[in-house]
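The values are calculated or read from the model by the stated rules, or taken from the named source; none is laboratory data. The shown structure was predicted, so the numbers you read here are calculated from the model rather than taken from an experiment. Cβ coordinates were reconstructed from backbone atoms using ideal geometry, including for glycine residues, and neighbour counts include every protein chain displayed.
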Amino acid sequence: MPFHQAELGTLVKAHYGKALKKENRDDAGVFDVYGSSGQVGFHIESICDYPTLVVGRKGSVGDIVWAPKGGWVIDTAYFLEILNPGILDLRYLFYALKRANLANKTITTSIPGLNRDDFYETKISLPPLAEQKRIAAILDKADSLRRKNQQAIHLADQFLRAVFLDMFGDPAANPKVWEKYAVGELGRVITGSTPPGSKDGMFGDDIPFITPGDLDSNVKQISRWLSLDGAGYSRVCRSGSLMACCIGATIGKVAMANRKSAFNQQINVVEWFDLIDDIFGYYFFKMNPRFITENAIKTTLPILKKSLFEQIEMPVPPIDMQRAFAKKVNAVWSLVDKQTRSLDLPLFDVLSQKAFAGEL
């Protein structure tokens, strides 16, 4: 059963933070200092002496930060005071505001921001207090599982980076002596494209269509799928290919395709030949994004054209050594996948959706 909806202005008071430049902070203090995106330091004074939520007003607009001991909130954010603790639980409010997507209320000016009146007019679900506490407790547990999963992935990545450096060294600081070849000699380089025509007519369930936003790690979960006819297959790469963003703010981000994939024009792909193992090729550029960024043309938007990408020289260790590294990577990835499945990564989002719809 759907819950009653209430405007935030009837539930909380949003206080403006107060300016506190970095040079004026005293890091010997015990009070946390918060900006719009989280804790940024310490100080000897505070402007809030109770548990609160910090809401990004400028910069990271709409971000919600838990501040269990209050502290000093700078002037890029609000901090919240519950008007009636008998009808609203702070931890519940934390999750409710995260679902409210306050970033959509950003006022686009020379300095984008979140207007307090717009914040007050935002509505959230307001079940009875006991139900709020029950929902918050469930979401806390689900969030804890999600954090453990993220920690496992981070630790695995740090371990594999250390293994890579131990086996292959740092090409800039501690290079191993191996013969170098141009990327264009080591693999087929393909620049992506966005197929013309109606998206409704192009999207189906065959081939994942990758954009730079998908290049955070190995491409495992894709939200959009693209069906291509035979003519489109010249812009599709095989599983195992290196995918690299070669233009704009995300230049240098890479991933490894885990299946046949299509990709847009901001991405260059390398289908490696026999001298390069797929996993080694991926990790080489993951560890050394400067090979992409430093060879890019510096314009309004930095860009690494296909011809320049093909000219990048990279050392080529013996293939047996590359495969030994790949074996270690696959073993770690297998453990991470098992961890992800056991923690059910989508669990938090599913529970959150059901909780605020009154279905939990």
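Which condition number in (1) part of a helix (DSSP H, G or I); (2) loosely packed, with under 15 Cβ neighbours inside 10 Å is the one that T300 fails?
So T300 meets the others, but not (1).
Sort through L83, L88 and tell me the only one that's of a type outside the set (S, T, Y), surrounded by fewer than 17 Cβ atoms within 10 Å (Cβ to Cβ), modelled with pLDDT of 95 or more and not assigned by TED's automatic domain parsing to the domain that holds I138.
From the options L83, L88, the qualifying one is L83.
Yes/no matrix, rows are residues, columns are (1) in the same structural domain as E23 (by TED's automatic domain parsing); (2) surrounded by 15 or more Cβ atoms within 10 Å (Cβ to Cβ); (3) modelled with pLDDT of 95 or more; (4) not hydrophobic (A, V, I, L, M, F, W, C):
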| site | (1), (2), (3), (4) |
| --- | --- |
| G38 | yes, yes, no, yes |
| Y50 | yes, no, yes, yes |
| V54 | yes, yes, yes, no |
| R57 | yes, yes, no, yes |
| G62 | yes, yes, no, yes |
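Determine whether L335 is at pLDDT below 65 and either out of contact with any Cys (no Cβ under 7 Å at 6 or more places or on another chain) or assigned to a helix (DSSP H, G or I) (or both).
Considered against the rule, which asks whether it is at pLDDT below 65 and either out of contact with any Cys (no Cβ under 7 Å at 6 or more places or on another chain) or assigned to a helix (DSSP H, G or I) (or both), L335 comes out as no.
Can you work out which of the residues in segment 1-18 that are over 29 Å from the mean Cα position of the chain (by Cα) and hydrophobic (A, V, I, L, M, F, W, C) is farthest from E131 (Cα to Cα)?
Let us first name the residues in segment 1-18 that are over 29 Å from the mean Cα position of the chain (by Cα), namely 1-7, 9-13, 15, 18.
Next, only the ones that are hydrophobic (A, V, I, L, M, F, W, C) stay: 1, 3, 6, 11-12.
On the way: M1: 13, F3: 10, A6: 15, L11: 17, V12: 19 Å.
If we take residues in segment 1-18 being over 29 Å from the mean Cα position of the chain (by Cα) and hydrophobic (A, V, I, L, M, F, W, C), then V12 is farthest from E131 (Cα to Cα).
Quick one: T76 ticks every box in (1) surrounded by 20 or more Cβ atoms within 10 Å (Cβ to Cβ); (2) farther than 14 Å from A14 by Cβ bar one, so which box is it?
Against the list (1) surrounded by 20 or more Cβ atoms within 10 Å (Cβ to Cβ); (2) farther than 14 Å from A14 by Cβ, T76 comes up short only on (2).
I'd like to verify a number: residues in segment 1-36 that are in contact with a helix residue (DSSP H, G or I) (Cβ under 6 Å, 6 or more places away or on another chain) and surrounded by 18 or more Cβ atoms within 10 Å (Cβ to Cβ), how many?
The total comes to 2.
Can you find even one residue in segment 166-181 that is surrounded by fewer than 12 Cβ atoms within 10 Å (Cβ to Cβ), among the β-branched types (V, I, T) and over 21 Å from G17 (Cα atoms)? Outline the logic, then answer.
Going residue by residue through segment 166-181, those that are surrounded by fewer than 12 Cβ atoms within 10 Å (Cβ to Cβ) are 166, 172-174, 177, 179.
Remaining after also requiring among the β-branched types (V, I, T): 177.
Of the ones still in play, those that are also over 21 Å from G17 (Cα atoms) are 177.
So far as segment 166-181 goes, yes, one or more of its residues are surrounded by fewer than 12 Cβ atoms within 10 Å (Cβ to Cβ), among the β-branched types (V, I, T) and over 21 Å from G17 (Cα atoms).
Say whether the condition of being outside any helix (DSSP H, G or I) and farther than 30 Å from I279 by Cα is met by at least one residue in segment 128-139. Walk me through it before giving the result.
If we filter segment 128-139 for residues that are outside any helix (DSSP H, G or I), which is where we start, we get 128.
Remaining after also requiring farther than 30 Å from I279 by Cα: 128.
Yes: segment 128-139 contains one or more residues that are outside any helix (DSSP H, G or I) and farther than 30 Å from I279 by Cα.
Has segment 34-47 got at least one residue that is farther than 22 Å from T122 by Cα, charged (D, E, K, R) and touching a residue at least 40 places away in the same chain (Cβ under 8 Å)?
no
Of everything in segment 259-271, what is surrounded by fewer than 21 Cβ atoms within 10 Å (Cβ to Cβ) and within 22 Å of F325 (Cα to Cα)? Give them in sequence order.
Of everything in segment 259-271, those that are surrounded by fewer than 21 Cβ atoms within 10 Å (Cβ to Cβ) and within 22 Å of F325 (Cα to Cα) turn out to be R259, E271.
Those residues that are among the charged types (D, E, K, R) and part of a helix (DSSP H, G or I), I need them from segment 1-33; list them, please.
Hits for segment 1-33 are K22, E23.
Only one residue in L155, L228, L139 is surrounded by 13 or more Cβ atoms within 10 Å (Cβ to Cβ) and at pLDDT 80 or above, so which one is that? Explain how you work it out, then say what you get.
Working: L155 fails: surrounded by 13 or more Cβ atoms within 10 Å (Cβ to Cβ); L228 fails: at pLDDT 80 or above.
That would be L139, the only listed residue that is surrounded by 13 or more Cβ atoms within 10 Å (Cβ to Cβ) and at pLDDT 80 or above.
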